[in-house]
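Novice: One structure follows; several queries about it will come next.
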């Protein structure tokens, strides 16, 4: 059999398999870059009482805050988020 298939596979191995392991910062940087390709970052400041309200809603309904803000929109405690 031909070795062509193996040549393609070996060239696409992850970088840390070929040499020294990536540092935690390098791994995090790569993960963030991958996520930015498919997601949009949102940073907000909210009042503590609104944060507490959101936390309570999520805890009561058994969902995470990330799930509340994910797509598709979700109805939590009668409200659309």
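Novice: Sort out which residues of the stretch 29-42 are outside any loop (DSSP other than H, G, I, E, B) and either within 11 Å of the chain's Cα centre (by Cα) or modelled with pLDDT under 90 (or both), and write them in order of number. Reasoning before the result, please.
Specialist: So the first thing to find is which residues in the stretch 29-42 are outside any loop (DSSP other than H, G, I, E, B), and the list is 29-38.
Within the stretch 29-42, 31, 32, 33, 34, 35, 36, 37, 38 meet the criteria.
Novice: Here are 54, 22: which of them is modelled with pLDDT of 90 or more and either touching a helix residue (DSSP H, G or I) at 6+ places or on another chain (Cβ under 6 Å) or assigned to a helix (DSSP H, G or I) (or both)? Spell out the reasoning first.
Specialist: Details: 22 fails: modelled with pLDDT of 90 or more.
Of 54, 22, the one residue that is modelled with pLDDT of 90 or more and either touching a helix residue (DSSP H, G or I) at 6+ places or on another chain (Cβ under 6 Å) or assigned to a helix (DSSP H, G or I) (or both) is 54.
The values are calculated or read from the model by the stated rules, or taken from the named source; none is laboratory data. As the structure is a prediction and not an experimental result, all values here were calculated from the model. Heads up, the Cβs are rebuilt from the backbone with ideal geometry, glycines too, and the neighbour counts pull from every protein chain shown.
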